[in-house]
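Readers should treat all values here as calculations from the given coordinates under stated rules, not as data from a laboratory. This is a predicted model, so every value here is computed, not measured. Here the Cβ positions follow ideal geometry from the backbone for every residue, glycine too, while neighbour counts run over all protein chains shown.
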Amino acid sequence: MELLSFAKKAGFVTISGEIYGGLKGFWDYLPRGVALKNALKSAWWDFFVREREDMYGMDGAVITHPKVWVASGHVENFTDPIVICKRCHKQFRADHLLEEVKGIKTENLTMEDIERLLKDVRCPACKKGELEAPQRFNLMFRTFVGPKEEKEAEAFLRPETAQNIFVNFKLIAEIMRAKLPFGMAQIGKAFRNEISPRNFLFRSREFEQAEIEYFIHPDQKNKCPYVKEIDWEGKVAVYTAEAQINMQEPEIMSWKELSKIVKDEWHLYWLYKAYSFFLYVGLESKNLRLRQHVPEELSHYSEDTWDIEFNYSFGWRELMGVANRGSYDLEQHMKYSGKDLRLFDDNLKQKIMPYVIEPSFGLDRLVMAILEQGYSLRDNKIVLKLKPFLAPVKIAVFPLVKKDGLDKKAFDIYKHLKKRFKDVFYDDKGSIGKRYARMDEIGTPYCITVDYESMEGQGVTIRWRDTAEQIRVKEERLLDILGSLINEEKSWENIVKVTGS
Ligand code: ATP
């Protein structure tokens, strides 16, 4: 089944404004989807903010001062190449069209290259029309602040959350008495008027980012105390700029070997942390790889940028980016605002300008990766394999049949579990097989069933989604066992061994 129809049918995501035909590039999260996304956000916030001592959270405005976007370069440069069909007037993203029609990589191409290579291409929609010369199109959504629609009132919906962080950098550093190195983190919506939104949640016009700007003293370059956390012998798939230029394949290497390629220790460390987070939320290493930007892709201020790519059904694509942004953003805001954004270094007795590593996650692309990877079939029925702590429903409780007091007992157990685990669901409708199948489809890891043996004090069964295997446990042990399974303190195999089922 196509992912979109599954996501809708199972209550995760649907196109926004569907009863009016849907608005392209906008998505509404449904009950299961919002639960999954919230669980991911809270896992991200715990992992990168609450568990650390060097990270400060914030939540900035979607519409901020328009000068922010002039200073950041977005007004001038945040563009994609667009081509329009002379005949049917359909619009296409020029680089994507080239990739599709000619199968060439476009990262290294200039506008002149794109124009030349598109010369003999006809419109893919009407199949006949010639294409106009490609133009640059600014992706920021515009609006007006106040009642008058005039140039002075023009403002933009933020195309990234990062700039809220840069403009509050000095304030937060002072208020929190933060000492370098430290980071600032934010989760929030971003808006881009993408020319051709597609591939479901992958490229939409409204999406959610989870971004970190990590500020480092220029003297601490290459002196990252956290690199000791890296599992140096651990393996990772890497696609270096050099391999891409020489048309070679990505290679598997150890983090030790990668450290010879990613020169900046802080950059390496943040790549490792971001990669570790993806493993933590259940993405498999075989579906992940690190890809270095080739020189033409790099923003002029970036020394080095790496994407973490996921193997989506439509190919390897950027799940997130980890960029070395230098001190570009702070310098720009200092220049345009006239405010001194440097920090005073007590030892050097002078002001210094930090440089920045930016790990930038796209939450919707992560939701999509998790759904794509988790989707599987058993006996022709869908089983969604999610990490238990991410599942929208963590435990379902059923009476085997809705009579003889089984339903009352099951409902009492449900109420008891609901208090502790919250994401608990009670169902007594339809055959038990259908009830299990409904739960497998939305990724519910554990189903508890009350049967006739339960009525004789023999305990209840717990069924594990991934294998459909069941064990019988005493009721008084339920809270304990389910707690350690959902927190992943113990594995299913572990529990099976201990209970002797
Ligand atoms: P792409 O090259 O795919 O357009 P990008 O390099 O422009 O992405 P960034 O500006 O680095 O993306 O944004 C950081 C992250 O935000 C991306 O890694 C991605 O996860 C997410 N993101 C960016 N654009 C979109 C979009 N249109 N829809 C969904 N997520 C997005």
Within segment 268-293, find all residues whose amide N lies under 18 Å from a label point positioned 7 Å from the Cα of Arg52 along Cα-to-beta-carbon.
268-281
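Based on the mean of other beta carbon atoms within 10 Å per residue, what is the order of 27-38, 94-105, 137-148, most packed first? Write out the running numbers ahead of the final one.
Numbers: 27-38: 18.9, 94-105: 16.9, 137-148: 13.5.
Sorting 27-38, 94-105, 137-148 by mean packing, highest first, produces 27-38, 94-105, 137-148.
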Along segment 172-180, what does the Karplus equation 6.51 cos²θ - 1.76 cosθ + 1.60 (θ = phi - 60°) give for ³J(HN,Hα), rounded to whole Hz, x for Gly and Pro?
5, 4, 6, 4, 8, 6, 7, 10, 5
Out of the GluC sites (Glu not before Pro) in segment 410-501, which ones are loop residues according to DSSP with at most 16 other C-beta atoms within 10 Å?
Glu456, Glu469, Glu488, Glu489
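Before anything else, pin down the relative contact order of the chain: Cα pairs under 8 Å, at least 6 apart, normalised by residue count, whole percent. All intermediate terms of the calculation are to be shown ahead of the outcome.
Details: 870 pairs, mean separation 59.1, N = 501.
RCO, the chain: 12 percent.
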Given the rule -39500 (n - 2.57) for each run of at least 4 DSSP H residues, summed and divided by the residues of the chain, what is its mean residue ellipticity at 222 nm, to the nearest 500 deg cm²/dmol?
-9000 deg cm²/dmol
How would segment 71-132 be classified by its alpha-carbon gyration tensor: rounded, prolate or oblate, with rounded meaning a/c under 1.5 and the a/b versus b/c comparison settling the rest?
oblate
Please give the residues of segment 458-497, grouped as numeric ranges, whose backbone N is less than 19 Å from a label point set 7 Å along the Cα-to-Cβ vector of Lys422.
479-480, 482-489
Which of the listed residues, Leu201, Asn168, Met55, is farthest toward the dipole's positive end in the chain, when Lys, Arg count +1 and Asp, Glu count -1 at the beta-carbon?
Leu201
The aspartates and glutamates whose Cα lies under 12 Å from the Cα of Lys474, excluding any fewer than 8 residues away in the same chain, are Glu453, Glu456
At R0 = 25 Å the Cβ-Cβ FRET efficiency linking Glu456 and Lys402, nearest 0.05, sits at 0.85
What are the radius of gyration and Dmax of the chain, computed over its Cα atoms and given in Å?
25.9, 81
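What FRET efficiency would be calculated for the residue pair Glu331, Lys24, taking the C-beta separation as r and a Förster radius of 56 Å, to the nearest 0.05?
Details: r = 38 Å, r/R0 = 0.67.
With R0 = 56 Å, the Cβ-Cβ based efficiency is 0.90.
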From the square roots a ≥ b ≥ c of the eigenvalues of the alpha-carbon gyration tensor of segment 149-302, which class results: rounded (a/c under 1.5), prolate (a/b over b/c), or oblate?
oblate
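Test of the criteria: in segment 198-273, which chymotrypsin sites (Phe, Trp or Tyr not before Pro) are in a DSSP loop and have at most 15 other Cβ atoms within 10 angstrom of their Cβ?
Trp232
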For segment 349-414, what class follows from the C-alpha gyration tensor (a ≥ b ≥ c being the square roots of its eigenvalues): rounded when a/c is under 1.5, otherwise prolate if a/b is larger than b/c, else oblate?
oblate
Do the alpha carbons of any pairs in Lys381/Lys409; Lys8/Lys394; Lys422/Lys490; Lys260/Lys286; Lys387/Lys497; Lys256/Lys286 sit beyond 26 Å of each other, and which pairs?
Lys381/Lys409
Within the chain, which cysteines find no other Cys whose Cβ is under 4.7 angstrom from their own?
Cys224, Cys447
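Taking the Cα centre of the chain as origin, sum charge times position over the Cβ atoms of Lys and Arg (+1) and Asp and Glu (-1), and report the length of that vector in debye to the nearest 20. Write down the numbers at each step before the final one.
Values: 77 positive and 77 negative charges, 287 e Å.
With Lys and Arg at +1 and Asp and Glu at -1, about 1380 debye.
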In whole angstrom, and with the biggest value first, how far do the Cα coordinates of segment 189-240 range along each principal axis?
42, 29, 19
Nonlocal amide H pairs with Leu319, under 5 Å, H built at 1.01 Å:
Ile308, Glu309, Phe310
Between the modelled labels at Glu249 and Gln350 (7 Å from Cα along Cα→Cβ) the distance in nm is 5.1 nm
Segment Asn222-Asp480, extension gain: residue separation times 0.36 nm, minus the distance between their alpha carbons
88.3 nm
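Taking 0.36 nm per intervening residue step and subtracting the Cα-Cα distance, what contour gain separates Ile175 from Ile15 on full extension?
Details: separation 160, 0.36 × 160 = 57.60 nm, distance 4.21 nm.
Answer, rounded to one decimal: 53.4 nm.
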For segment 334-423, which trypsin sites (Lys or Arg not before Pro) are both in a DSSP coil and crowded by at most 14 other Cβ atoms within 10 Å?
Lys339, Lys349, Lys402, Lys403, Lys422
Extending each Cα 7 Å along its Cβ direction at Asp412 and Cys126, get the distance between those two points in nm, one decimal.
7.3 nm
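For the peptides 114-127, 158-171, what is the packing order when you average, over each peptide's residues, the other Cβ atoms within 10 Å and list the highest mean first? Display every interim value, and only then the final one.
Working: 114-127: 15.0, 158-171: 20.9.
Put in order of decreasing packing, that is 158-171, 114-127.
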For segment 383-395, Karplus couplings with θ = phi - 60° (6.51, -1.76, 1.60), whole Hz, Gly/Pro x
10, 9, 8, 10, 4, x, 6, 9, 5, x, 10, 8, 9
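Show me the ranking of peptides 172-181, 301-310 by mean Cβ neighbours inside 10 Å, starting with the highest. Before the final figure, lay out the partial values.
Numbers: 172-181: 13.7, 301-310: 20.1.
Going from most to least packed, we get 301-310, 172-181.
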Cα→Cβ-extended label distance, 7 Å offset, between Lys86 and Arg136, nm
2.5 nm
